[in-house]
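Trainee: Shown below is the structure under consideration.
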Amino acid sequence: MTKFQLHRISKALADPMRYRILSRIAGEDELACTDLRCALPITPATLSHHIKELSQAGLIDVRKNSKFMHMKLRKGLWKDYLATLSKL
């Protein structure tokens, strides 16, 4: 894992709501954005922003199916991130 990746992921997870969103996504094989939206007290625009940040950090894959979005954790990258943190 590069320093840039480590920084990008850490910055994305520094936001408590993003960490909460990632935790929900990680708990499922794949999670629909509508299911996530119903479970969190934030606006659709704010959720979209957080999903974009998590995706740009490389933490999640987003799949669009018509007008619906489905997300899943990139487990390999997550394991690499945790392994890098454990070496600090």
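Trainee: Can you run down the residue pairs with Cβ atoms below 7 Å, 6 or more apart or on separate chains, where the first is in the range 28-54 and among the aromatic types (Phe, Trp, Tyr) and the partner is open to solvent by 20 Å² or more (accessible area, probe 1.4 Å) and assigned to a helix (DSSP H, G or I)?
Mentor: Close Cβ pairs satisfying both conditions: none exist.
Trainee: Pull up the range 13-24, narrow it to residues that are under 8 Å from the mean Cα position of the chain (by Cα) and crowded, with 16+ Cβ neighbours inside 10 Å, then point me to the one that is farthest from MET71 (Cα to Cα).
Mentor: For the range 13-24, the residue satisfying everything is ARG18.
Trainee: Determine the pairs where a residue that is within 15 Å of LEU31 (Cβ to Cβ), located within the range 65-88, has a partner that is β-branched (Val, Ile, Thr) and at pLDDT below 95 with Cβ atoms under 9 Å apart, the partner being 6 or more residues away or on another chain.
Mentor: Close Cβ pairs (under 9 Å, with a partner that is β-branched (Val, Ile, Thr) and at pLDDT below 95) amount to PHE68/THR34; MET69/THR34.
Trainee: Of all residues being among the aliphatic types (A, V, I, L, M) and not in a helix (DSSP H, G or I) in the range 1-55, which is modelled with the lowest pLDDT? Just the residue, please. Outline the logic, then answer.
Mentor: Within the range 1-55, the first condition is being among the aliphatic types (A, V, I, L, M), and the residues that meet it are 1, 6, 9, 12-14, 17, 21-22, 25-26, 31-32, 36, 39-40, 42, 45, 47, 51, 54.
Then keep just the ones that are not in a helix (DSSP H, G or I); that gives 1, 14, 31-32, 40, 42.
Details: MET1: 86, ALA14: 96, LEU31: 94, ALA32: 94, LEU40: 91, ILE42: 92.
Here the residue is MET1.
Trainee: Further, regarding this structure: Can you confirm whether ARG8 is free of Cβ contacts under 8 Å to residues at least 40 places away in the same chain and not β-branched (Val, Ile, Thr)? Spell out how you get there, then give the answer.
Mentor: Working: free of Cβ contacts under 8 Å to residues at least 40 places away in the same chain: no; not β-branched (Val, Ile, Thr): yes.
For ARG8, the condition - free of Cβ contacts under 8 Å to residues at least 40 places away in the same chain and not β-branched (Val, Ile, Thr) - is not met.
Trainee: For the range 58-88, which positions are crowded, with 17+ Cβ neighbours inside 10 Å and at positive phi?
Mentor: Within the range 58-88, GLY58 is the sole residue that qualifies.
The values are calculated or read from the model by the stated rules, or taken from the named source; none is laboratory data. Keep in mind that what you see is a predicted model, and the values were worked out from it rather than measured. For neighbour counting, all protein chains shown are included, and Cβ atoms are generated from backbone atoms with ideal geometry for every residue, glycine included. Just so you know, the surface numbers come from the protein's heavy atoms only, side chains and all, with ligands and any DNA or RNA stripped out. Shrake-Rupley method; radii C 1.70, N 1.55, O 1.52, S 1.80 Å.
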